Amino acid sequence: MPEVWLRTNRRALALGLVVPAVLCALGLAAAAYGIAREQSAWAIGFYGILGAGSGFLVAMFIYWMRLPRLAYARGELLVYLDSAQPVRVPIDVVECFFLGQGDSNLPKLAGREPETQNVIVRLAEAATEWKHRDVKPAFGHWCEGYITIRGAWCEPITPDLMRHLNARLGAILRERKAARQEAAS
């Protein structure tokens, strides 16, 4: 089981969950009412499809709420910036995490694009195979050995969170170095 380092923005996903949940409940209730009142098969089918389709969206939102943005498992940093399958970056090429600020990729407010705090992951310069990846632009950017995770789509980014990320990374890198030295002895 991966160790979650940075969670997704559950508040935004919970807000997006409201309309599908209401439609699911209404659709299924209307279908049940239609069955009880012996309405036409078309009406019952329509309400059933509305309820089931909305239920599928509810399930997807709940699934997305469970996915992290960053996690750690067995020597790899798992980066979730595109799909349910993470990009697995060897932890040994991760140098540090730092706080950034940039565009949020959200709709403009008062003619200006809102800015957000971002988590930036710096990868080792020598790790040329990890310089660039195509990711979903709304979630982040990966270029020149830097992974930018947009703060709009993850848990609130605080100085304590950044200290925790760097402390955890440092502890894992020290453990791995000690294990390699012990194996070499």
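The portion of the accessible surface of the chain made up by carbon and sulfur, rounded to a whole percent, is 60 (1.4 Å probe; DNA, RNA and ligands excluded). At full extension, Arg176 and Ala36 could sit 44.0 nm farther apart than now, given 0.36 nm per residue minus the alpha carbon distance. With a Förster radius of 22 Å applied to the C-beta separation of Glu115 and Leu15, the computed FRET efficiency comes to 0.60.
Determine the gain in length on full extension of the stretch Ala29-Tyr63; use 0.36 nm per residue of separation and subtract their C-alpha separation, reporting nm with one decimal.
Values: separation 34, 0.36 × 34 = 12.24 nm, distance 2.40 nm.
Full extension of this stretch gives 9.8 nm more.
Quick one: what do you get for the range 12-81 if you divide its Cα Rg by 2.2 N^0.38 Å?
Numbers: Rg = 17.7 Å, N = 70, 2.2 N^0.38 = 11.1 Å.
For the range 12-81, the normalised Cα radius of gyration comes out at 1.60.
For the chain, the relative contact order is 19 percent, taking Cα pairs closer than 8 Å that sit 6 or more residues apart in sequence and dividing their mean separation by the residue count.
In the assembled protein chains, Val87 presents an accessible area of approximately 40 Å² (probe radius 1.4 Å). The separation of the range 116-151 from the range 1-33, counted between C-alpha centres, amounts to 29 Å. Using the Karplus relation 6.51 cos²θ - 1.76 cosθ + 1.60 with θ = phi - 60°, the per-residue 3J(HN,Hα) values for the range 132-137 come to 8, 9, 7, 10, 5, x Hz, with x marking Gly and Pro. For the pair Ala126 and Asn166, label points projected 7 Å from Cα toward Cβ lie 2.3 nm apart. For the chain, the percent of C-alpha pairs falling in each 5 Å distance bin, counted from 0 to the bin holding the largest distance, reads 1, 7, 13, 15, 15, 11, 9, 7, 6, 5, 4, 3, 2, 1, 0, 0.
With every protein chain present, what is the per residue accessible area of the range 30-185 (1.4 Å probe, Å²)?
Working: 9380 Å² over 156 residues.
Value returned for the range 30-185: 60 Å² of accessible area per residue.
Proximity of backbone amide H atoms, modeled 1.01 Å from N, is registered between Glu76 and Ile91 at under 5 Å, excluding neighbours fewer than 5 places apart on the same chain.
The values are calculated or read from the model by the stated rules, or taken from the named source; none is laboratory data. The structure displayed is predicted, hence computed values, not measured ones. For neighbour counting, all protein chains shown are included, and Cβ atoms are generated from backbone atoms with ideal geometry for every residue, glycine included. Just the protein is used for accessible areas: all its heavy atoms, side chains included, with ligands, DNA and RNA removed. Shrake-Rupley method; radii C 1.70, N 1.55, O 1.52, S 1.80 Å.
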